[in-house]
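Student: Okay, here's the structure, questions in a sec.
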Amino acid sequence: MKKGIIALLCLSLFLLGGCSSGSAGNQASPDKTSGSTQPNGLQKVSLMLDWYPNAVHSFLYAAQANGYFKEQGLDVDIKMPADTNDPLKLVAAGQIDMALSYEPEVLVARGENIPVQSFAAVVRHPLNYLMVPANGPIKSPKDLAGKTVGYPSIPLDEAIVDTMVKSAGGNPTQVKMQDVGFNLIPTMATNKADALIGGYINHEKLLLDKQGHPMRVFKPTDYGVPDYYELVLVGNQKELKEKPDVFKKFMTAVAKGQKYVQDHPDKGLSILLQHEDKSSPLDKEVETKSLQILLPLMDAKGKPFGYQDANSWDKVAKWLYDNKVVKTPVKASDAFVNF
């Protein structure tokens with residue numbers, strides 16, 4: 001699950017036809033057929049993942065394999081992005097019906113007047129933790145003074161580190177942020193940075209641990225960062241308003257898929273592994289541990305699966321503005337809708 005906030009500056013130009021979308025846009029454009037009835041009597045819906053298939057997507061593949069989408073009259077085409085920036089971009093342009101994205105990214109898009117809305121919270125808490133070597137001297141974010149933090153040059157990650165260091169009593173101006181792209185694991189494995197942000201506790205940490213590089217992690221929400229939704233389902237605002245039944249049916253199916261995975265995690269993971277991307281083969285041991293981490297974080301605790309709290313959107317929107325990730329205040333209530 002990788003974030004594409006850095007690419008949103010070009011998104012509004014893309015919507016006007018002035019920014020190249022790359023190969024993924026060309027692949028996805030012809031498949032935009034939301035609401036059309038297929039010969040099998042099902043409504044075609046296209047969904048783009050945020051990254052290659054992994055444990056967090058188990059509920060989608062369970063819904064597909066067990067016929068929950070068909071029960072709702074839907075034929076859901078699950079696609080992978082050619083680029084991590086594609087999902088939100090293609091939804092905004094009306095070339096994909098739905099996509100997986102991130103709460104902060106949706107708010108950044110809204111700040112650019114890009115017409116997307118979240119319609120479900122999938123992972124209800126951050127997965128992106130500050131990581132340092134477990135046997136190293138950094139015992140608190142304030143200890144990053146004079147140290148280097150590797151990150152994928154995403155403004156959100158900069159804001160997370162600044163907030164955490166300040167909250168811990170340190171001075172963020174004394175921290176060096178080093179762009180390492182998405183070479184997060186090699187950066188830590190070869191000691192090219194003292195710390196890492198932009199990696200996930202259910203992926204990068206597990207892989208580093210397995211490779212013999214155990215990490216100490218610091219939870220952002222323990223150090224002043226609002227408890228944001230890591231992963232959300234996103235649609236085009238116009239379609240969410242005009243075709244709510246399609247999204248409601250989709251949510252009914254995926255809620256059933258999530259319940260199946262909760263009740264049968266081994267079977268849910270087995271279904272997922274049948275859909276792994278050959279270019280990014282999955283490690284069953286890592287994905288099993290990942291799913292164990294994810295399931296509690298996906299639990300809405302008495303609320304329907306996907307339910308979104310207005311307070312979360314308000315707090316995250318304010319924090320993004322205060323930290324200059326968005327340039328103008330964003331009306332949080334316009335960024336999401338519950339079904």
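The values are calculated or read from the model by the stated rules, or taken from the named source; none is laboratory data. This is a predicted model, so every value here is computed, not measured. So basically every Cβ, Gly included, is an ideal-geometry build from the backbone, and we count neighbours across all protein chains shown.
Student: Are there any pairs, at least 6 apart or on different chains, whose C-beta atoms fall under 8 Å, with the first in the stretch 183-210 and under 21 Å from LEU291 (Cβ atoms) and touching a residue at least 40 places away in the same chain (Cβ under 8 Å) and the second of a type in the set (Gly, Ala, Ser) and assigned to a strand (DSSP E or B), and if so, which?
Tutor: none
Student: For the stretch 81-106, how many residues meet the condition of being under 15 Å from VAL234 (Cα atoms) and part of a loop (DSSP other than H, G, I, E, B)?
Tutor: So the count comes out to 9.
Student: Give the stretch 118-149 a look and list any residue that's crowded, with 24+ Cβ neighbours inside 10 Å and free of Cβ contacts under 8 Å to residues at least 60 places away in the same chain, or say none.
Tutor: Within the stretch 118-149, LEU144, VAL149 meet the criteria.
Student: For the subset of the stretch 150-163 comprising residues that are of a type outside the set (Ser, Thr, Tyr) and closer than 16 Å to TYR200 by Cβ, which member is surrounded by the most Cβ atoms within 10 Å (Cβ to Cβ)?
Tutor: That would be ILE160.
Student: For ILE271, all conditions in the list (1) touching a helix residue (DSSP H, G or I) at 6+ places or on another chain (Cβ under 7 Å); (2) within 19 Å of LEU127 (Cα to Cα) hold save one; what is the number of the exception?
Tutor: Against the list (1) touching a helix residue (DSSP H, G or I) at 6+ places or on another chain (Cβ under 7 Å); (2) within 19 Å of LEU127 (Cα to Cα), ILE271 comes up short only on (2).
Student: Would a scan of the stretch 31-51 turn up a residue that is in a helix (DSSP H, G or I), at pLDDT below 90 and either touching a Leu at 6+ places or on another chain (Cβ under 8 Å) or surrounded by fewer than 20 Cβ atoms within 10 Å (Cβ to Cβ) (or both)?
Tutor: Checking the stretch 31-51: at least one residue is in a helix (DSSP H, G or I), at pLDDT below 90 and either touching a Leu at 6+ places or on another chain (Cβ under 8 Å) or surrounded by fewer than 20 Cβ atoms within 10 Å (Cβ to Cβ) (or both).
Student: I would also like to ask the following. Scan the stretch 218-251 residue by residue and report those that are farther than 27 Å from ASP314 by Cβ and touching a Leu at 6+ places or on another chain (Cβ under 7 Å).
Tutor: Listed by number, the list holds a single entry, LYS249.
Student: Would the stretch 61-74 turn up any residue that is under 15 Å from the mean Cα position of the chain (by Cα) and modelled with pLDDT of 95 or more?
Tutor: No: zero hits.
Student: Condition (residue is touching a Lys or Arg at 6+ places or on another chain (Cβ under 9 Å), among the aromatic types (Phe, Trp, Tyr) and in a loop (DSSP other than H, G, I, E, B)) applied to the stretch 321-333: is it met by at least one residue?
Tutor: no
Student: Test MET188 against the criterion of being outside any loop (DSSP other than H, G, I, E, B), of a type in the set (A, V, I, L, M, F, W, C) and touching a Ser or Thr at 6+ places or on another chain (Cβ under 9 Å), and give yes or no.
Tutor: Against the criterion (outside any loop (DSSP other than H, G, I, E, B), of a type in the set (A, V, I, L, M, F, W, C) and touching a Ser or Thr at 6+ places or on another chain (Cβ under 9 Å)), MET188 does not qualify.
Student: Count, please, the residues in the stretch 204-222 that happen to be farther than 12 Å from MET131 by Cα and either buried (at least 20 other Cβ atoms within 10 Å of the Cβ) or under 20 Å from the mean Cα position of the chain (by Cα) (or both).
Tutor: Selection size over the stretch 204-222: 2.
Student: Within the set of pairs 6 or more residues apart or between chains, which connect a residue that is of a type in the set (Lys, Arg) inside the stretch 301-321 to a residue that is part of a loop (DSSP other than H, G, I, E, B) and surrounded by fewer than 22 Cβ atoms within 10 Å (Cβ to Cβ) with Cβ atoms less than 6 Å apart?
Tutor: Matching pairs, first to second residue: LYS315/PRO226.
Student: Return only the number of the condition from (1) buried (at least 24 other Cβ atoms within 10 Å of the Cβ); (2) not aliphatic (A, V, I, L, M); (3) not in a strand (DSSP E or B) that GLN64 does not satisfy.
Tutor: So the condition that GLN64 fails would be (1).
Student: Hey, could you check the stretch 231-258 for residues that are among the polar types (S, T, N, Q) and within 21 Å of PHE59 (Cβ to Cβ) and say which is nearest to the chain's Cα centre (by Cα)?
Tutor: By that ranking, first place goes to GLN258.
Student: Among what's in the stretch 173-230 and is in contact with a Pro (Cβ under 8 Å, 6 or more places away or on another chain) and of a type in the set (A, V, I, L, M, F, W, C), pick the residue that is modelled with the lowest pLDDT.
Tutor: Once the filter is applied, the top-ranked residue is PHE182.
Student: Further question: Does PRO281 satisfy the criteria of being under 28 Å from SER46 (Cβ atoms), surrounded by fewer than 18 Cβ atoms within 10 Å (Cβ to Cβ) and touching a residue at least 24 places away in the same chain (Cβ under 8 Å)?
Tutor: It is false that PRO281 is under 28 Å from SER46 (Cβ atoms), surrounded by fewer than 18 Cβ atoms within 10 Å (Cβ to Cβ) and touching a residue at least 24 places away in the same chain (Cβ under 8 Å).
Student: Of the conditions (1) surrounded by fewer than 21 Cβ atoms within 10 Å (Cβ to Cβ); (2) in contact (Cβ under 8 Å) with a residue 12 or more places away in the chain; (3) over 24 Å from LYS44 (Cα atoms); (4) not small (Gly, Ala, Ser), HIS264 fails just one. Which one is it?
Tutor: Of (1) surrounded by fewer than 21 Cβ atoms within 10 Å (Cβ to Cβ); (2) in contact (Cβ under 8 Å) with a residue 12 or more places away in the chain; (3) over 24 Å from LYS44 (Cα atoms); (4) not small (Gly, Ala, Ser), only one is false for HIS264: (2).
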